[in-house]
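Asks: Sharing a structure, written as structure tokens. Questions coming.
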């Protein structure tokens, strides 16, 4: 706006401060003394609260706005209430009638309708006073009434009606404001006399400014109200003279105060690094709630850690050494406090972000490097970059390399280096641990974080391992160590008003740990209740007893009784005379509706069950005792019990490998194991009665695979996998003393439960994928999945801002450039009349009908994409309103991800670049089909409805054979020896399909059969697949073939299944079932 004025020409004050027109320095100083932060945004917020015509809603996650209101209005008999308070209505009526200020804390996104007439200010004159109608009654109203509403929800979505009735003000603390507050606290602890002098000085300066303002106002009033000759008004001249003298004295005092202020500020600035580090850590901690709503931490909790860190930091004679000790103490104490409330999968993310944020603040790491780590080459198109030099480099890695070369100066010649020194780079890439090997041509030139960028680009499976090395070097090895939970030590941090909140995960139950600690402290057994319908009465009684008599109360599974928790919060916060020995312990699964107040007040703890086969068997044999082993006299019982427990651990741990493990991640649990063990026990007991010689293996297999575990399984190929496990685990050979599941994994031969436990203890903590029947490459798949989820999680926590402050482009400029580039490359819409004309000759042919359906679908994608991009450009330019749909699209494009509105009409893709490449390739295939006739080979990945394509193929084959009914025709497949580019002629009937990828194995072109995967090559391009139709009666099941499921993408489960192709194999098909072998239309 300002830049548009000089050319007009219009007079304008340069660097105008709007706030200075609305409030004077004396009032701001008074606000600061009352607790309002000193930063510019907080001052503007203060202006809105005190000057706005509508009542304010303060978005106040840290409680700073509420604290300021309480201090500011304390002298006016402020009343504080909540919408859920039983006395809320009485408080509202009282404040309205007597003109008192009312603060309503912790509102949700919906406000009680009783407030509607108040917010709308529907006050009616009645005699000399005012009245307002509240629902069923009229209440007197005094004009001195004030209303303030606050919420702890960081990003609330209020209705348009509520937004129109109120002034919504974001009181979220700023980094600068928090830094100043922390500076005051550290100075208070380290140099108390300085802080006292600083506070006293602030009060003096405020009083001086207030005095000048009063004198000026008084003088202006007298001048405006004076009549006649001003020089003859002796009283006015006296006031003027007095004002001049007083103003002179005050000005001199202000000059002296400013000099003292400079001296004190300079002395305090020595401790600025502590405040800066504290601000960086707190803002990282506050971002964690975007990962999981249960990670919500209040500013008061952090301030407690901050002050404790100052007290426990090592003393030092030199100020700088003492400051460094405080910084180290603060960083590590914050890590200890936060990590105990994080799930295992998020602990490394937290310390990685901590190290990165510290280096970003210190400017030893650039924002370009960080963005490159998060996004890589996600926004790039493989067809728009230089061709990769060698085939061993994957397309995605090559895009990452190009992005790295563009963003980080030290890597600007990286693509050329990889072409120039191909052998050295290939050797480095082939290493088992490339993160510890010398990087070709770059070893001496790169930092540890830049090494992490290289690993993330070329060996994504090693990214998180390298991240641990980066954290260890950046902030210390101790941040990567596992910290065992010490509940007894944590108990010292709590009191009768600070509850424990245990975050539950599958397999975790802190009940025994809590009970044992209570016994150790001689508290007695905690009063425990599992929440659910109707349990509130019991919980209320237990809390009433413990708050008056002392004791512990354990509320379990509170995610099933969330409506009761606000009442619990009120008791802890407001009830007087709570017994000193009262402790409240809460367990809950993560839930977005869990009360924020409890999370910000409580100590959050996770205690996840250890992962791995060894840990699973240990849990099973902690449940099994000697009596259970002795319950069946037959020798098979003990071996089969171990086999069942081993199977249970295997099917549970296989989930970690993602879709190659199970297409759907089933929650197999202790009840499945218990039911299976009970069946085997009953079966063997019955055998003992009948004196049977051999176990009825088929019955055992059916009951375990189809009934006990199969009851949870919804996918047919997962069911086949479960049956395969039971076939290889439940047969006569497992009773042989020499039987082993895998090298080093034998069935113990003993009748003593302790022997079983000892052998379990000796098992490796690391599980080889081969134990599960998977190829060793499955470990790469698992690590890549971990990395992908980690980067996506970090991306979700990042503020959606650009780099304008550091000279880069703003978010809007970045997205505008992306939109311009995509619009330039986006193909034109199909001309539907031409499509119909070109396909008129075969208009009723099944494949042509399918073609027209595909063109319609792609046409919709093109229109939605074009419309969104054009609307974004207009919205960024300010021509149209940036609505919710466009904001979502803007955020996703900025993160190089596909907007949900596009995915809804198209297909899933991991990055924007891959998705847009898919659009171009699909358009190219359909365009050639329309204008040049049927393809010789079809790229099935490019079809929206691949099953429809296969149905059309079956229809066309059936029509070529007299007497064939479509219902009798099934698909038959055969793998050719050539690629899609080598197809010279289409088949006489059926179709050639190319572009499929084998996941879990390789294909031998020479021998035409499935073979084991090459190490580090996770996906293998299948040659052309010939698909045709055959009568079901003529198609015989080939014992030398594997029925291989074909999926749309790596997610496998749900609607991603297309059909099953028969692939030739010389080995038992069970091997490929356990390997999780399938065909994918896309590997990205």
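Asks: Go through (1) in a loop (DSSP other than H, G, I, E, B); (2) within 36 Å of the chain's Cα centre (by Cα) for residue 721 and report which single condition fails.
Replies: All conditions are met except number (1).
Asks: For the range 394-413, how many residues meet the condition of being within 20 Å of residue 997 (Cβ to Cβ), surrounded by 21 or more Cβ atoms within 10 Å (Cβ to Cβ) and in contact (Cβ under 8 Å) with a residue 40 or more places away in the chain?
Replies: 3
Asks: Is it the case that the range 40-47 has a residue that's more than 25 Å from residue 21 (Cβ to Cβ) and assigned to a helix (DSSP H, G or I)?
Replies: Kept after step one, since they are more than 25 Å from residue 21 (Cβ to Cβ), are these residues of the range 40-47: none.
No, the range 40-47 contains no residue that is more than 25 Å from residue 21 (Cβ to Cβ) and assigned to a helix (DSSP H, G or I).
A quick yes/no check of all residues on (1) under 20 Å from residue 928 (Cβ atoms); (2) surrounded by 21 or more Cβ atoms within 10 Å (Cβ to Cβ); (3) free of Cβ contacts under 8 Å to residues at least 12 places away in the same chain; (4) touching a strand residue (DSSP E or B) at 6+ places or on another chain (Cβ under 8 Å):
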residue	(1), (2), (3), (4)
977	no, no, no, no
998	no, yes, no, yes
1028	no, no, no, yes
1042	no, yes, no, yes
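Asks: Do the conditions hold for residue 951, that is, is it in a strand (DSSP E or B) and outside the structural domain of residue 719 (by TED's automatic domain parsing)?
Replies: Working: in a strand (DSSP E or B): no; outside the structural domain of residue 719 (by TED's automatic domain parsing): yes.
Criteria not met by residue 951.
Asks: So which of 585, 617, 599 is closer than 15 Å to residue 498 by Cβ and over 23 Å from the mean Cα position of the chain (by Cα)?
Replies: Criteria check complete, one pass: 585.
Asks: Provide a single number: the residues in the range 874-908 that are crowded, with 17+ Cβ neighbours inside 10 Å, free of Cβ contacts under 8 Å to residues at least 60 places away in the same chain and farther than 23 Å from residue 923 by Cα. Please lay out each step first, then the result.
Replies: If we filter the range 874-908 for residues that are crowded, with 17+ Cβ neighbours inside 10 Å, which is where we start, we get 875-876, 886, 889-890, 892-899, 901-902, 906-907.
Checking the rest, the ones that are also free of Cβ contacts under 8 Å to residues at least 60 places away in the same chain come to 875, 886, 889, 892, 898-899, 901-902, 906.
After this cut, where a residue has to be farther than 23 Å from residue 923 by Cα as well, the list is 875, 886, 892.
Number of matching residues: 3.
Asks: Out of contact with any strand residue (DSSP E or B) (no Cβ under 6 Å at 6 or more places or on another chain) and buried (at least 19 other Cβ atoms within 10 Å of the Cβ): does that describe residue 1080?
Replies: no
Asks: Here's a follow-up. Looking only at the range 757-775, how many residues end up being in contact (Cβ under 8 Å) with a residue 60 or more places away in the chain, more than 30 Å from the chain's Cα centre (by Cα) and in a helix (DSSP H, G or I)?
Replies: Total satisfying the criteria: 4.
Asks: Hey, which of the helices (runs of 4 or more DSSP H) in the range 592-701, taking only ones fully inside, have at least 1 residues that are more than 30 Å from residue 560 (Cα to Cα) and out of contact with any strand residue (DSSP E or B) (no Cβ under 7 Å at 6 or more places or on another chain)? Reasoning before the result, please.
Replies: Numbers: elements: 596-601, 613-623, 626-629, 636-653, 670-690.
Of the helices (runs of 4 or more DSSP H) lying wholly inside the range 592-701, those with at least 1 residues that are more than 30 Å from residue 560 (Cα to Cα) and out of contact with any strand residue (DSSP E or B) (no Cβ under 7 Å at 6 or more places or on another chain) span 613-623, 626-629, 636-653, 670-690.
Asks: Test residue 1053 against the stated conditions and say whether it is at positive phi and either surrounded by fewer than 19 Cβ atoms within 10 Å (Cβ to Cβ) or at pLDDT 90 or above (or both).
Replies: no
Asks: Of everything in the range 94-107, what is buried (at least 17 other Cβ atoms within 10 Å of the Cβ) and either under 23 Å from residue 298 (Cα atoms) or more than 39 Å from the chain's Cα centre (by Cα) (or both)? Give them in sequence order.
Replies: Within the range 94-107, 95, 96, 100, 101, 103, 104, 105, 106, 107 qualify.
Asks: Collect the residues in the range 640-667 that are over 34 Å from the mean Cα position of the chain (by Cα) and surrounded by fewer than 19 Cβ atoms within 10 Å (Cβ to Cβ), keeping them in residue-number order.
Replies: Of everything in the range 640-667, nothing turns out to be over 34 Å from the mean Cα position of the chain (by Cα) and surrounded by fewer than 19 Cβ atoms within 10 Å (Cβ to Cβ).
Asks: Would you tally the residues in the range 108-118 being surrounded by 18 or more Cβ atoms within 10 Å (Cβ to Cβ) and within 36 Å of the chain's Cα centre (by Cα)?
Replies: 2
Asks: Write out, first by first residue and then by second, each pair whose Cβ atoms fall under 8 Å of each other, whose residues are 6+ apart or on separate chains, and whose first residue, in the range 414-436, is loosely packed, with under 15 Cβ neighbours inside 10 Å while the second is modelled with pLDDT under 90 and in a helix (DSSP H, G or I).
Replies: Here the result reads none, with nothing in the range 414-436 linked to a residue that is modelled with pLDDT under 90 and in a helix (DSSP H, G or I).
Asks: Right, something else. Does residue 464 satisfy the criteria of being modelled with pLDDT of 90 or more and within 30 Å of the chain's Cα centre (by Cα)?
Replies: Against the criterion (modelled with pLDDT of 90 or more and within 30 Å of the chain's Cα centre (by Cα)), residue 464 qualifies.
Asks: Does residue 210 satisfy the criteria of being in contact (Cβ under 8 Å) with a residue 24 or more places away in the chain, closer than 30 Å to residue 240 by Cβ and in contact with a helix residue (DSSP H, G or I) (Cβ under 6 Å, 6 or more places away or on another chain)?
Replies: Yes, satisfied.
Asks: Also, I was wondering about something else. Identify the residue in the range 923-948 that is in a loop (DSSP other than H, G, I, E, B) and touching a helix residue (DSSP H, G or I) at 6+ places or on another chain (Cβ under 8 Å) and, among all such residues, is surrounded by the most Cβ atoms within 10 Å (Cβ to Cβ).
Replies: The initial filter retains those residues of the range 923-948 that are in a loop (DSSP other than H, G, I, E, B), namely 933-937, 943-945.
From the residues that got through so far, the ones that are touching a helix residue (DSSP H, G or I) at 6+ places or on another chain (Cβ under 8 Å) too are 934-935, 937, 943-945.
Details: 934: 14, 935: 17, 937: 22, 943: 26, 944: 19, 945: 14.
So, considering only residues that are in a loop (DSSP other than H, G, I, E, B) and touching a helix residue (DSSP H, G or I) at 6+ places or on another chain (Cβ under 8 Å), the one surrounded by the most Cβ atoms within 10 Å (Cβ to Cβ) is 943.
Asks: Also, quick follow-up: Being more than 16 Å from residue 562 (Cα to Cα) and either buried (at least 17 other Cβ atoms within 10 Å of the Cβ) or without any contact (Cβ under 8 Å) to a residue 12 or more places away in the chain (or both) is the filter here, so list the residues in the range 522-541 that pass it.
Replies: Across the range 522-541, the qualifying residues are 522, 525, 526, 527, 528, 541.
Asks: Determine which single condition residue 515 fails, assuming it passes every other condition in (1) within 30 Å of residue 618 (Cβ to Cβ); (2) surrounded by 12 or more Cβ atoms within 10 Å (Cβ to Cβ); (3) in contact (Cβ under 8 Å) with a residue 24 or more places away in the chain.
Replies: Every listed condition holds for residue 515 apart from (3).
Asks: For the subset of the range 549-566 comprising residues that are farther than 22 Å from residue 520 by Cα and in a helix (DSSP H, G or I), which member is nearest to the chain's Cα centre (by Cα)?
Replies: The qualifying residue nearest to the chain's Cα centre (by Cα) is 559.
Asks: Do we have residue 969 as assigned by TED's automatic domain parsing to the domain that holds residue 1009, farther than 25 Å from residue 921 by Cβ and in contact with a helix residue (DSSP H, G or I) (Cβ under 7 Å, 6 or more places away or on another chain) here?
Replies: yes
Asks: Also, I was wondering about something else. Among the numbered criteria (1) buried (at least 17 other Cβ atoms within 10 Å of the Cβ); (2) in contact (Cβ under 8 Å) with a residue 40 or more places away in the chain; (3) under 30 Å from residue 341 (Cβ atoms), which single criterion is violated by residue 305?
Replies: Checking residue 305 against (1) buried (at least 17 other Cβ atoms within 10 Å of the Cβ); (2) in contact (Cβ under 8 Å) with a residue 40 or more places away in the chain; (3) under 30 Å from residue 341 (Cβ atoms), the one that fails is (2).
Asks: Among residues belonging to the range 1000-1026 that are part of a loop (DSSP other than H, G, I, E, B) and under 33 Å from the mean Cα position of the chain (by Cα), point out the one that is surrounded by the most Cβ atoms within 10 Å (Cβ to Cβ).
Replies: Once the filter is applied, the top-ranked residue is 1000.
Asks: Is the range 381-391 home to any residue that is part of a helix (DSSP H, G or I), out of contact with any strand residue (DSSP E or B) (no Cβ under 9 Å at 6 or more places or on another chain) and buried (at least 18 other Cβ atoms within 10 Å of the Cβ)?
Replies: First, the residues of the range 381-391 that are part of a helix (DSSP H, G or I): none.
So far as the range 381-391 goes, no, none of its residues is part of a helix (DSSP H, G or I), out of contact with any strand residue (DSSP E or B) (no Cβ under 9 Å at 6 or more places or on another chain) and buried (at least 18 other Cβ atoms within 10 Å of the Cβ).
Asks: For the subset of the range 295-338 comprising residues that are touching a strand residue (DSSP E or B) at 6+ places or on another chain (Cβ under 9 Å) and part of a helix (DSSP H, G or I), which member is farthest from residue 792 (Cα to Cα)?
Replies: 301
Asks: Next up: Collect the residues in the range 1035-1084 that are within 36 Å of the chain's Cα centre (by Cα), part of a loop (DSSP other than H, G, I, E, B) and more than 19 Å from residue 728 (Cα to Cα), keeping them in residue-number order.
Replies: Listed by number, the residues that qualify are 1048, 1049, 1050, 1051, 1052, 1053, 1081, 1082, 1083, 1084.
The values are calculated or read from the model by the stated rules, or taken from the named source; none is laboratory data. Since we're looking at a predicted model, the values are computed, not measured. Don't worry about glycine lacking a Cβ; one is built from the backbone with ideal geometry, like all the others, and counts go over all protein chains shown.
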